[in-house]
Amino acid sequence: MIRIKVFIQLLIIAPLLCSVVMAQKSIYKPYKIAATEKKEGIITGADQTELYIDYLKGKNIGMVINQTSVIGKSLTLSLDSLLKLGITIKKIYGPEHGFRGDASNGADVSNSIDAKSGLPVISIYGNKHYKPTPGDLKGIDLMIYDIQDVGARFYTYLSTLQYVMEACAENNIELMILDRPNPNGFYVDGPVLDTINHSFVGMNAIPIIHGLTTAEYAQMLNGEGWLKNHVQCKLNIVKVANYSHSSAYTLPVNPSPNLNTDKSILLYPSVCLFEGTTLSLGRGTMRPFLQIGHPALQGKYTYSFKPVSIKGMSEAPPQKDKVCYGINLENYNTNNISSSNQLNLAWLIELYNAFPDKEHFFNAYFTKLAGTTELRKQIEAGKSEEEIRASWEPALSNYKNMRVKYLLYP
């Protein structure tokens, strides 16, 4: 009788033990994670030099950085700080907008020599040179990735990260990620990209708002086998201290030339979809992503603005030198985003309905930004926002469940 009871208990317990083991296996484990226990405010990975400075000593370092790669209250570039601390930096790798962040959106960036440090700067954006070559990586023992992201799938630093990870994996180079907060990390929303629409503004099956920090996304790239030929990049992560995904975070440096306010960063995931239309979203003004309009909307809207060429921001903006009429978002309450945890589709639907020449409202770029052919078709067919959102399921919920495996922060 006792043996029968024991046998029954084993039958009950065994599946539970298996499920625990399987759950543990499903959680991606990077090579190494460091984090401080300091209690004062949010501290970026880069700011915690005490956690990684000794590890860098004696190694030839490459750095994927830009103007957001700063350390301390003085906002000193991490490159300059590490050189001053005696670390051997051999090469700099610059993404879109360049190493100093002063190139316009989409502009090719060439290789150069950094005037201050004298180090070579290899562009991994210009002339379709997105992925470091073996020659680019020659002599590098460890690569550091330290760039501020803003949490939207089409923000190209995610694609740069993927190419860098592939190159490091293929050349047996460890990648250290100095993690930074995601200012839009408090929600996940949007259509999940159909990989048939793979491009530099969307490489994997994630929604527009992915809800991950750079290091978390790097773990996902490894864990989901999304790197070319399913290679695995050896990751060494320095976490953000005292951060959760619900934390509000004000970026100390503009992440790119046209994201120059906190509000524009929060509105970017919604407003950037207008890059796939004929409308201006304020490029060519000092308030990009805070206004949307077009000359053909005169008479339907009273608010107006005029895009012009601005060096280092947008030399040839849509509707250049034309008065555009539309909507002003400067007074929009961004608490609406945090309360709804949704990107805004209402502006896109409203302005499409108001636009007189609907045949020429969208351009081919819209599908790449949306990540799906369906969103354009739905808006053209007059679908409601509720109907459009319903079509994002079950892919969106499946992504949310998958995302949990890679979270480093609550």
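The values are calculated or read from the model by the stated rules, or taken from the named source; none is laboratory data. A quick note: this is a predicted structure, and the numbers were derived from the prediction, not measured. Heads up, the Cβs are rebuilt from the backbone with ideal geometry, glycines too, and the neighbour counts pull from every protein chain shown. Areas reflect the complete protein model, heavy atoms only, side chains present, ligands, DNA and RNA absent. Shrake-Rupley method; radii C 1.70, N 1.55, O 1.52, S 1.80 Å.
With the helix formula -39500 (n - 2.57) applied to DSSP H stretches of n ≥ 4, the chain reaches a computed 222 nm mean residue ellipticity of -8500 deg cm²/dmol.
Per residue, the solvent-accessible area of the chain (1.4 Å probe, heavy atoms of protein chains only, all protein chains present) comes to 44 Å². For the chain, the fraction of 1.4 Å probe accessible surface lying on carbon and sulfur atoms is 54 percent. Remark: region 264-323 projects, on average over all directions, an area of 4.0 nm² (convex hull of Cα atoms).
Build a GNM of the chain with springs between Cα atoms under 10 Å apart, and of Asp194, Asp179, Asp357 the one that fluctuates most is Asp357. Summing Cβ point charges (Lys, Arg +1; Asp, Glu -1) relative to the Cα centre of the chain gives a dipole of roughly 700 debye. Centre-to-centre separation between the Cα atoms of region 146-223 and those of region 346-383: 26 Å. Helices meeting the span-like rule in the chain (full DSSP H runs, Cα extent of at least 15 Å along the helix axis, mean Kyte-Doolittle score of 0.5 or higher): 2-26.
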